[in-house]
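Asker: Once you've had a glance at the structure underneath, I'll fire off some questions.
The values are calculated or read from the model by the stated rules, or taken from the named source; none is laboratory data. Just so it is clear, the model here is predicted, and its values are computed rather than measured. Don't worry about glycine lacking a Cβ; one is built from the backbone with ideal geometry, like all the others, and counts go over all protein chains shown. We work out accessible area using only protein heavy atoms, side chains counted, and drop any ligands, DNA or RNA first. Shrake-Rupley method; radii C 1.70, N 1.55, O 1.52, S 1.80 Å.
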Amino acid sequence: MDDADLDDVISTIRDLVRTRVIPFEAEIDATDEMPAGLREEAARMGLFGFAIPEEYGGLGLSMAQEVRLVMELGYTTPALRSMFGTNNGIAGHVLLEGGTREQKKLYLPKLASGQWTASFALTEEQAGSDPAGLATSVADVSDEADRRASGDGYVINGLKRFITNAPLADVFMVFARHSGGEAKGKISALLVEAGTPGVTVGPRDEKMGQHGAWTSEVRFEDVRVPPDALIGTPGEGYVTAMRCLAHGRLHIAAMCVGLAQRALDETIAYARDRHQGGHAIAEYQLIQGLIADSQTDVMAGRALVLSAAADFDSGADRRLGPSCAKYFASEMVCRVADRAVQVHGGVGYMRGVSVERIYRDARLFRIYEGTSQIQQLVIARELLR
Ligand SMILES: Cc1cc2nc3c(=O)[nH]c(=O)nc-3n(C[C@H](O)[C@H](O)[C@H](O)COP(=O)(O)OP(=O)(O)OC[C@H]3O[C@@H](n4cnc5c(N)ncnc54)[C@H](O)[C@@H]3O)c2cc1C
């Protein structure tokens with residue numbers, strides 16, 4: 001897509017955000033449900049496949065284009081982006097990074113059109129920041145006595161938690177460790193369709209924020225999948241997961257910039273409007289200091305994300321930049337949200353007020369797709385190796 005077309009897409013998204021989502025933010029937060037028809041509208045706009053190549057029905061955006069679009073999506077509740085975030089991001093990218101041509105042809109058009117929702121199932125109770133320690137197992141059916149009954153393929157057993165979009169998912173990208181065979185001990189990624197016997201999705205998690213974006217645990221109990229469910233070659237799943245996360249980190253960093261801009265705009269509007277001591281609080285220099293700090297933070301975050309995205313596209317750097325951007329932008333949006341609440345005073349602590357919701361929504365960004373501490377480790381290791 002050329003930049004003129006991208007500008008058109010961005011302007012349509014800006015309109016969608018302001019007319020179809022912002023007016024319903026408080027309701028989404030209170031009910032944990034997205035407005036009716038929004039999913040279909042997003043699908044018509046191509047939002048389920050903006051990061052999926054055009055040959056599979058997506059918009060085929062480069063990383064630099066994607067972060068610009070995601071900054072617009074970030075201006076409202078993160079639940080909007082979450083509807084199609086896994087298709088474009090961590091789950092869709094498992095296929096893009098590791099899938100065979102046949103798997104891409106079969107599944108990516110369904111994800112790009114929004115016909116299907118995909119989830120990325122890596123995290124477990126004992127494997128969060130250290131996913132290499134995961135316990136979900138995959139066994140070769142041919143290793144087992146009952147092969148004649150069930151045919152070739154694999155058997156998966158395990159429990160994943162905090163899986164975004166699991167309650168809606170049509171397909172899971174599941175990471176599991178081989179219990180035998182040539183890839184014994186190594187991790188593979190497998191495609192598991194939601195209706196497969198033995199797959200159970202738990203109730204929706206009750207989260208602090210980002211309401212309207214659903215997560216839940218997913219249990220795999222003797223789940224049998226055919227040989228072509230394996231994504232790529234056996235044992236390559238961990239490398240695929242790490243590549244997907246590098247892309248996802250830039251995407252999340254762009255979300256943080258969008259949300260921080262929103263928190264700042266809310267701050268400025270309130271500071272102008274609210275009067276104390278006979279003056280608008282915006283006239284007080286201590287309030288101006290908070291606003292100036294937030295503006296500086298937002299500009300620094302935006303510049304870092306755009307620069308890291310350009311290096312990602314050129315291939316110059318796909319590790320250091322994404323981690324630096326995710327680390328800085330996720331910490332930054334929490335600082336900006338905190339100042340926004342401060343400028344709102346007691347009002348900022350009340351449910352139904354935008355900045356109170358933003359404060360809760362922003363908190364997740366420092367935790368998922370690698371906590372801030374994990375980003376620090378990735379950054380330092382990259383520099384010291
Ligand atoms: C709302 C939500 C959505 C999510 N969506 C998905 C999803 O779609 N798919 C998926 O697979 N996962 C998902 N996750 C999981 C998420 O990626 C993990 O929660 C995250 O990686 C942290 O793992 P953990 O929760 O087990 O924390 P832990 O790993 O237990 O970390 C606890 C604390 O210890 C610190 N820590 C851990 N190891 C180290 C270390 N080596 N050095 C220094 N500090 C360390 C961490 O930074 C953190 O502060 C989601 C989580 C949430 C909350």
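Asker: Identify all residues within the stretch 193-246 that are in a loop (DSSP other than H, G, I, E, B), β-branched (V, I, T) and modelled with pLDDT under 95; write none if there are none.
Answerer: Within the stretch 193-246, just T233 meets the criteria.
Asker: Right, next: Hey, can you tell me all the residues within the stretch 72-109 that are in a loop (DSSP other than H, G, I, E, B), crowded, with 24+ Cβ neighbours inside 10 Å and among the small types (G, A, S)?
Answerer: Matches in the stretch 72-109: G74, G89.
Asker: Now for a different question. Being modelled with pLDDT of 95 or more and open to solvent by 40 Å² or more (accessible area, probe 1.4 Å) narrows it down to one of A64, A26, so name that one.
Answerer: None of the others qualify; the one that does is A26.
Asker: Here's something else I'd like to know. So for the stretch 307-325 (the condition being on the phi < 0 side of the Ramachandran plot, part of a helix (DSSP H, G or I), within 16 Å of the ligand (Cβ to nearest atom) and at pLDDT 95 or above), does at least one residue qualify?
Answerer: yes
Asker: State yes or no: is G352 in contact (Cβ under 8 Å) with a residue 60 or more places away in the chain, in contact with a strand residue (DSSP E or B) (Cβ under 9 Å, 6 or more places away or on another chain) and open to solvent by 10 Å² or more (accessible area, probe 1.4 Å)?
Answerer: no
Asker: Across the stretch 169-183, which residue is nearest to Q115 (Cα to Cα) among those that are surrounded by fewer than 18 Cβ atoms within 10 Å (Cβ to Cβ) and either among the hydroxyl-bearing types (S, T, Y) or at pLDDT 95 or above (or both)?
Answerer: Checking each candidate, the answer is D170.
Asker: Filter the stretch 203-245 for residues that are open to solvent by less than 60 Å² (accessible area, probe 1.4 Å), under 16 Å from the mean Cα position of the chain (by Cα) and either aromatic (F, W, Y) or more than 14 Å from the ligand (Cβ to nearest atom) (or both) and give the result.
Answerer: W214, the sole residue that qualifies.
Asker: While we're here: In the stretch 117-143, what count of residues is obtained for those that are away from the ligand (no atom under 16 Å from the Cβ) and either open to solvent by 10 Å² or more (accessible area, probe 1.4 Å) or of a type outside the set (A, V, I, L, M, F, W, C) (or both)?
Answerer: Result for the stretch 117-143: 5.
Asker: Could I ask something else about it? Determine, yes or no, whether G114 is within 23 Å of the chain's Cα centre (by Cα) and either open to solvent by less than 10 Å² (accessible area, probe 1.4 Å) or not acidic (D, E) (or both).
Answerer: So G114 passes the test.
Asker: Here is a list of conditions, (1) touching a residue at least 40 places away in the same chain (Cβ under 8 Å); (2) within 16 Å of the ligand (Cβ to nearest atom); (3) among the small types (G, A, S); (4) farther than 16 Å from M255 by Cα, and A380 meets all of them except one; can you say which number that is?
Answerer: (1)
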